[in-house]
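Okay, structure first, notes after.
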Amino acid sequence: ETGVTQSPTHLIKTRGQQVTLRCSSQSGHNTVSWYQQALGQGPQFIFQYYREEENGRGNFPPRFSGLQFPNYSSELNVNALELDDSALYLCASSPDQIGELFFGEGSRLTVL
Amino acid sequence: DAKTTQPPSMDCAEGRAANLPCNHSTISGNEYVYWYRQIHSQGPQYIIHGLKNNETNEMASLIITEDRKSSTLILPHATLRDTAVYYCIVRDYNDMRFGAGTRLTVKP
């Protein structure tokens, strides 16, 4: 139990649609990062937010966007869904930018 | 691209020490070495991290070479519940890149 919760746990979308995934960070954590994990692969870093500002980004197109709110909860938005976006999306929070990451259990997205 | 290289799989006998190697030859001075593990499709679980010195906690030990180009995670007495994918990660303050990891199988 890490104190990081993600919703929804599973969802199905069709190609071209938009999706919003949510993450509730552990209390007091000001840093949140998001990862995409395709089946059989390691998590891929999407981006990181620190105190509501994006301060790091992996190799993902602009249709992947996010928000971090004043209470440090977070959203991942993906527009114009593609079949390859089917994956487990993981959120992780941290008390600072270099500290231990606490991961949620993920949101499994299937794009048909 | 990941900054680390790990063997894709390893086996270990229950009760024995599991030694998982990781190469990170391009690590820079302000980057930390982190280890996480992932059991089935759960979220990754933190194990240990270090910068230069060897580290030990209740789960494992981390040995980092003097030139910092490689490290070894040691699980001193592996149990069946330690069967998982282990990820070695080089991390700075705004970037964390996982590789493919090592699938450790602990056998009775």
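The values are calculated or read from the model by the stated rules, or taken from the named source; none is laboratory data. As the structure is a prediction and not an experimental result, all values here were calculated from the model. All Cβ positions, glycine included, derive from the backbone under ideal geometry; neighbour counts span all protein chains shown. Remember, those area values only see protein heavy atoms, side chains included, never the ligands or the DNA or RNA. Shrake-Rupley method; radii C 1.70, N 1.55, O 1.52, S 1.80 Å.
Within the stretch A:25-46, the set of residues being within 14 Å of the chain's Cα centre (by Cα), at pLDDT below 95 and under 25 Å from A:Asn71 (Cβ atoms) comprises A:Ser25, A:Thr31, A:Val32, A:Ser33, A:Pro43, A:Phe45. Looking across A:Gln48, A:Gln41, A:Gln6, one residue alone is open to solvent by 40 Å² or more (accessible area, probe 1.4 Å) and within 9 Å of another protein chain (Cβ to nearest Cβ). It is A:Gln41.
Entry remark, the stretch A:66-94: residues being under 13 Å from A:Ser33 (Cα atoms) and surrounded by 16 or more Cβ atoms within 10 Å (Cβ to Cβ) number 13 in total. Of all residues in the stretch A:103-112, those being part of a strand (DSSP E or B) and within 7 Å of another protein chain (Cβ to nearest Cβ) number 1. Residues in the stretch A:99-112 that are within 17 Å of B:Asp95 (Cβ to Cβ), in contact (Cβ under 8 Å) with a residue 60 or more places away in the chain and not aromatic (Phe, Trp, Tyr): A:Gly99, A:Leu101.
When the stretch B:36-46 is limited to residues that are assigned to a strand (DSSP E or B) and either open to solvent by 70 Å² or more (accessible area, probe 1.4 Å) or more than 10 Å from every other protein chain (Cβ to nearest Cβ) (or both), the one that is farthest from B:Asp82 (Cα to Cα) turns out to be B:Gln45.
Conditions (1) in contact with a Gly (Cβ under 8 Å, 6 or more places away or on another chain); (2) under 26 Å from B:Tyr86 (Cα atoms), marked per residue:
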residue	(1), (2)
A:Glu1	no, yes
A:Lys13	no, no
A:Trp34	yes, yes
A:Ala38	no, yes
A:Pro62	no, no
A:Ser73	no, no
A:Asn77	yes, no
A:Ala80	yes, no
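Scanning the stretch A:51-98 for residues that are more than 9 Å from every other protein chain (Cβ to nearest Cβ), part of a loop (DSSP other than H, G, I, E, B) and either polar (S, T, N, Q) or in contact (Cβ under 8 Å) with a residue 60 or more places away in the chain (or both) returns A:Asn71, A:Ser73, A:Asn79, A:Ala80, A:Leu81, A:Glu82, A:Ser86, A:Pro95. Within the stretch B:21-35, the residues that satisfy the criterion of being within 14 Å of chain A (Cβ to nearest Cβ) and open to solvent by 30 Å² or more (accessible area, probe 1.4 Å) are B:Ser28, B:Gly29, B:Asn30, B:Tyr32. Of B:Pro7, B:Pro21, which residue is in contact with a Ser or Thr (Cβ under 6 Å, 6 or more places away or on another chain) and in a loop (DSSP other than H, G, I, E, B)? Of the residues listed, the single one that is in contact with a Ser or Thr (Cβ under 6 Å, 6 or more places away or on another chain) and in a loop (DSSP other than H, G, I, E, B) is B:Pro7. Within the stretch B:70-108, restricting attention to residues that are in a loop (DSSP other than H, G, I, E, B) and away from chain A (no Cβ under 14 Å), the residue that is farthest from A:Leu90 (Cα to Cα) is B:Pro108. Checked against the criterion of being in contact with a Lys or Arg (Cβ under 7 Å, 6 or more places away or on another chain), crowded, with 18+ Cβ neighbours inside 10 Å and farther than 23 Å from A:Gly58 by Cα, the stretch B:68-76 has at least one qualifying residue.
Looking only at residues in the stretch B:50-63 that are assigned to a strand (DSSP E or B) and either open to solvent by less than 10 Å² (accessible area, probe 1.4 Å) or more than 29 Å from A:Gly56 (Cα to Cα) (or both), the one that is modelled with the lowest pLDDT is B:Gly50. Among the conditions (1) free of Cβ contacts under 8 Å to residues at least 60 places away in the same chain; (2) within 14 Å of chain A (Cβ to nearest Cβ), B:Thr56 misses just one, which is (2).
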